[in-house]
Amino acid sequence: MSSKEGGFRKRKHDNFPHNQRREGKDVNSSSPVMLAFKSFQQELDARHDKYERLVKLSRDITVESKRTIFLLHRITSAPDMEEILTESEVKLDGVRQKILQVAQELSVEDMHQFHRAITTGLQEYVEAVSFQHFIKTRSLISMDEINKQLIFSTEDNGKENKTPSSDAQDKQCGTWRLRITPVDYLLGVADLTGELMRMCINSVGNGDIDTPFEVSQFLRQVYDGFSFIGNTGPYEVSKKLYTLKQSLAKVENACYALKVRGSEIPKHMLADVFSVKTEMIDQEEGIS
């Protein structure tokens with residue numbers, strides 16, 4: 001049957017005798033070439049295993065950071081703010097224990113080779129830490145302040161399970177450090193703006209009309225800072241800038257409504273005004 005009639009095309013090596021085709025099995029496994037390739041295989045397998053461990057750690061960091069953010073949102077309705085801040089600090093200490101394991105994994109590696117595996121977790125951690133810092137101080141935490149919290153000594157190991165590759169390193173050095181990259185910091189701060197917008201909604205629902213104006217002023221400063229970067233920064237930053245602008249517009253328009261009509265609306269109905277205003281903005285953006 002020819003190939004045009006639906007048959008299989010005959011492969012070139014089918015013309016060779018059967019015993020010649022299997023000649024490759026007789027390659028000497030102890031030759032220098034085979035030994036070199038075996039070492040390459042072991043190195044690649046070890047690197048792949050390390051990458052998978054870092055992905056799992058990044059996933060754990062993301063989950064625990066999100067739980068910390070959800071906890072911090074309870075501050076607007078909780079009677080004791082200090083109690084929640086203390087609990088959030090305990091949770092962030094647990095997240096830093098996971099980051100310590102990442103630092104141990106990368107202590108003898110180039111972080112940028114594994115950055116893709118951990119960037120999601122680091123961004124979420126920056127978002128949680130900056131959210132807590134804003135609640136405490138009404139200001140933005142700097143990248144240097146975050147990095148200072150990510151310097152660990154042997155005493156910081158605690159009772160956490162160590163990674164397989166960290167035991168020998170613990171004996172050689174007593175300090176680990178993980179640096180948040182500028183891109184991770186910027187993306188984490190950009191995500192912070194969405195949490196601040198939710199904080200405004202919760203605050204207004206509880207009759208707090210001061211917090212929205214504080215947040216509005218803060219978001220304006222953050223947006224101005226991102227505007228200086230513009231299109232010169234990484235692609236992910238420019239994408240986040242649009243979301244940041246949306247959050248700022250929603251907060252500013254809601255603050256305008258509160259300022260104009262706040263005195264004539266009961267406090268328990270202010271949240272409805274806020275929500276209606278943000279829904280109108282969403283509809284206008286969808287039409288445009």
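The values are calculated or read from the model by the stated rules, or taken from the named source; none is laboratory data. As the structure is a prediction and not an experimental result, all values here were calculated from the model. Positions of Cβ are generated from backbone atoms using ideal geometry, with glycine treated the same way; all protein chains shown enter the neighbour counts. Heads up: the accessible areas ignore ligands, DNA and RNA and are worked out on the full protein's heavy atoms, side chains in. Shrake-Rupley method; radii C 1.70, N 1.55, O 1.52, S 1.80 Å.
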- With a 10 Å radius around each residue's Cβ, average the other Cβ atoms per peptide and rank 244-253, 32-41, 184-193, 214-223, highest first. 184-193, 244-253, 214-223, 32-41
- Percent accessible area from carbon and sulfur atoms, region 70-144, protein chains only, probe 1.4 Å: 50
- Query: So which trypsin sites (Lys or Arg not before Pro) in region 109-140 pass both tests, a DSSP loop state and at most 13 other Cβ atoms within 10 Å of the Cβ?
  - Reply: Arg138
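Give the peptides 201-209, 122-130 in descending order of average Cβ contacts within 10 Å, highest first. Could you put the intermediate results ahead of the total?
Numbers: 201-209: 17.7, 122-130: 25.6.
In decreasing order of mean packing, 201-209, 122-130 become 122-130, 201-209.
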